[in-house]
Structure formats: structure tokens, C-alpha cells
1. Quick one: what are the phi-derived ³J(HN,Hα) couplings along the stretch A:223-234, Karplus 6.51/-1.76/1.60 with θ = phi - 60°, whole Hz, x for glycine and proline?
2. Over chain B, with every protein chain in place, what whole percent of the accessible area is carbon and sulfur at 1.4 Å, could you tell me?
3. Write out the trypsin sites (Lys or Arg not before Pro) in the stretch A:90-140 meeting two conditions: DSSP loop, and at most 11 other Cβ atoms within 10 Å of their Cβ.
4. Just checking the output field for A:134-140: average partner chain Cβ neighbours within 10 Å of each residue's Cβ?
5. If I compute solvent accessible area with a 1.4 Å probe over the protein chains, what percent of it on chain A is carbon and sulfur?
6. B:Tyr22: accessible area at probe 1.4 Å, nearest 10 Å²?
7. Go through B:113-119, B:175-181 and give me the packing order, highest mean Cβ count within 10 Å leading.
8. Once you've got the Cα coordinates, tell me which of A:Lys153/A:Lys235; B:Lys66/B:Lys173; A:Lys72/A:Lys241 are over 18 Å apart.
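The values are calculated or read from the model by the stated rules, or taken from the named source; none is laboratory data. Here the structure is a predicted model, which is why all the values come from computation and not from measurement. Don't worry about glycine lacking a Cβ; one is built from the backbone with ideal geometry, like all the others, and counts go over all protein chains shown. Heads up: the accessible areas ignore ligands, DNA and RNA and are worked out on the full protein's heavy atoms, side chains in. Shrake-Rupley method; radii C 1.70, N 1.55, O 1.52, S 1.80 Å.
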Amino acid sequence: MFEVSALHNFGFPANSLDLLGNNEFQTINDDPIGHFHTPITTATSVLGLAFDNGVILAADTLGSYGSLARFKNISRVLKVNKNIILGVGGDYADFQYLKELVNGKMIGEECLEDNVPLKPASLHCWLTRVLYQRRSKVDPLWNNVLIAGVQNKTPYLGFIDKLGTAVKDTVIATGFGAHIAVPLLRNGVQKKPNMNKQEAEELIVKCMEVLYYRDARSFNKYELGIITPDEVQIKGPISIKANWDISQYVSGYE
Amino acid sequence: MALASLPHLSGMKKNDSRFNPYDDNGGSIVAIGGDNYLLIASDTRLSTGYSIYTRNQSKLFQVSNKSIVGCSGCWCDTLTLTRLINARMQMYLHEHNKEMSTPALAQMISTMLYYKRFFPYYVSVVMGGLEPDGSGWVYSYDPIGNLERSKFHAGGSSGALLQPLLDNQVGLKNIQNIVEESITLEKASRIVQDVFISAAERDIYTGDEIHIMCITADGIKEEKVDLRKD
């Protein structure tokens, strides 16, 4: 989310929309490689939580254009196969490209006809290499990816950032969620290790609510992805019924 | 000439923050080699800035039955480098029908790091292993492959904090009237735990747990010890 603050003029680095006339070609001259990549349409946090026999992901449906809430109904939680779901944040165009890449990979897997569906750890590793290659070309895919699934009947939750940094854990949140949601999620897990699906969902929903109150780039509509050995569910869009009554008590910061 | 380098235009520079392909994910590694053992330990915290990615990520990678690579710094580079090392260990095994020796691995890592001299792996590597004569040795590297062979080393985010402590406690430097003798495994293990506890007090990138691995003629043993988690 800190990258977003670097956006000016809705993030376009010197183009015809820049009517201020100060868009000399300096960015081109300063960049020896000749490209400059900043995210344009961005999506905020993705949350992930592993429970007793599965994993739950959550992400809202907003595509932001700098501080403009540009697209209010975009989906970024997707089913890959019966073992894997993905939740993606960051640049939405890069996400759509990544989605097609994963789609192509899945078609390739299907063509093998070996009835061995791709497992989450494999896709996690593969995506790590994709993102690392792009960062090594200094032309990154500007995304945070959560990979959730079930492998050998145990929940699997992985994370990759735009550099190819890969992490595996039972609680992961990206962007602003790393600051706001992770403490709440870790606290919930500490109080009740081995949550069931319903308890995990309640905790994630609570976190999405808190994020809606505190993250200025978030939205009151979100999707949930829930994966267990028996089923894959993409739920939503679900609306947050916000209560702003208490907001009047927050004062003195003006 | 870049326009922004002209003083009267420098204020106009818009895109001054370019994409940074590196991150500092922290983590520390300590290794001690003895007469018949090699002890290597890392913490298990993986961070970025003031955030913790995970509290449970060891930075030790067993690449053969005789050697362990410890790698910390930019985690995406660590993942890439260690995977590449593992692949080349496999290739060596299949080509020669034996595991690569520790000194050969040491030189290979140096070459692999230097190969990326002008876009380096941003990592500090500490490799430890048993040599053909059964003694434990430590090889430490800078990001571009400069290599040093020694009996003990501290690397990573607490490297500069811990090295002088090891010089004193393991190398027995700056102590008067002392009989120089080699450190036992039990003593080395105690020192490693103590220095990590000290590092966790002062370095925010070191903490959560210590992952200790020990190679002897009998094989490899591992152990986890708690560190402060704040």
C-alpha cells in the first residue's frame, strides 16, 4: 500500500492525461532500461488463515486508481483446481496476466491426463520462479499472491511478493492487512488453535470489517475463498454492514 | 545527460523511486567448527521493514550429509541460490557417484556468487561441513563470492554484533593467561545459544527461535530453542 502513495496523476508516468505541462521526458532519460513500472489499478490486502482441515482467503472487490475508487466489483479470489485457490493483491492488470499464465499452466497439466492434479506447494514454487524471473529483469509483476490449498490432507497457505519472496505460514496477510489483520488473526489462533471452518470464517470476516474501517483503499464488499479436502467454495461478494455511529467519538486529530 | 542532473530541472524529477529488486529480510547465522563436529545455527524470523513475514523460517539448508549452507539477507535470492546449489549437488552426485566434498562445495558457492558479480545475490552465506579428515570447518562469503575458511563465523543481520563475541569466546582472543584448547561440542552449543539470546536483545531482525544443526560422524542432529518473540 505504500507504493500507492507514490502515484501522481492517477499513477500515469507522463502521458497525455498530464495537463499540467510539466511532464518533460525526464523519466525516460533517467531510466537506462527505458521502462518504468508503477502499479496503476491496484487492489488492497489479501488475508489468509489456515484452520483444522482447510484454508480460508479473503479479499475485497475494489480496484483503486490511486485514491480514486475506480472499479467496485472486481474479483481476485479464484479457484485453480480442486486442490488450490489463489488470492491476489497489487496491480490488477498484472493479476489478469498472471491469471492467464496459471490458466495456461493448468491446461498443460490437464493435457498430461495423468489424473494427478497440481498441488498447492508445486504451484507456490512455480509462481515464485515466475515472479523472481520478472523481478530479475527489473520488470516485476506488481502483485502479492496468497496460495491456499490442501496437500496430503493438511492445510497449505503460502505467500509470494513481487520480488519472489516466498513464505509459508498458518496466518498471512498482505498490504495494510499485514499491519492491521495479522495481529488480530495471530491473536485468534493463539486463543483457539485448531479452529474449525466456521470459527475461521468468523475471524476473517471480523478482520475484513476492521480493515474496512481503517484501510482507506478498502471496500465494503469482499469475496471469500474456502478450501477443504471435500470442496472449494468462492463465496460472495459479501457486503459489510458498517456502523459509523462511533466515528463521532474519534476526534481531536484534525 | 539526464535532465534531472541539471540543477535547475532537478526538482522536476518525478519518478525518483525506481523499482528496487532487493529486500532485506534479516536473519542471523552462527557456525562453529570443532575437531570432530560442525555446529551451525540460524534464527527463524523472516522480516521486511518493521513487519514479520513469519516466525518459523529456518535459514539452514542441508545440501549433503557432510555440509549445511546457512543463507540470510534477501530471501528471494536465498531461495534461488540454495535451490541452485541443491541442483548442482545433485548433478555432481549423478556424474561422480559420490557426494561433493565440503572444500569443493566451498569453492563452488564462491564461483556461483561471483557469476552474478554485477547483479549479485544480496545474501550473506555461511557454510559449514565436515572435511575428509573428520574435522569441522566454516566457510563464509560476502555477496559477490569472497570466501574465507575459518573455525567460527557469525553472519547475517547480527553478524557484526556477534563476531567479536565469538572471537573472544570461541577464538579465546584478548584473554590473558589462557591455555589454548579446542572447544567441545557441549561448550559450542552453549555459546551458540547464548550469543543468539544476546543478538535477539539488540537486533530486531533476529528472534523467535534458534534452529541448531550439528554434523558429526554419527550423522546430523537438529534442535530448536526459543528466543524472544517481540
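1. Karplus values, whole Hz, x for Gly and Pro: 10, 10, x, 10, 10, 10, x, 8, 8, 10, 10, 10.
2. Details: 5810 of 11300 Å².
The computed percentage sits at 51.
3. On the way: sites: A:Lys99, A:Lys105, A:Arg129, A:Arg134, A:Arg135, A:Lys137; in loops: A:Lys137.
The qualifying sites are A:Lys137.
4. Numbers: counts 1, 6, 6, 1, 5, 1, 3.
The shielding value for this peptide is 3.
5. On the way: 6650 of 12580 Å².
It is 53 percent, rounded to a whole number.
6. 50 Å²
7. Working: B:113-119: 13.1, B:175-181: 6.6.
Highest-to-lowest ranking by the protection proxy: B:113-119, B:175-181.
8. Values: A:Lys153/A:Lys235 22 Å; B:Lys66/B:Lys173 29 Å; A:Lys72/A:Lys241 16 Å.
The answer is A:Lys153/A:Lys235; B:Lys66/B:Lys173.
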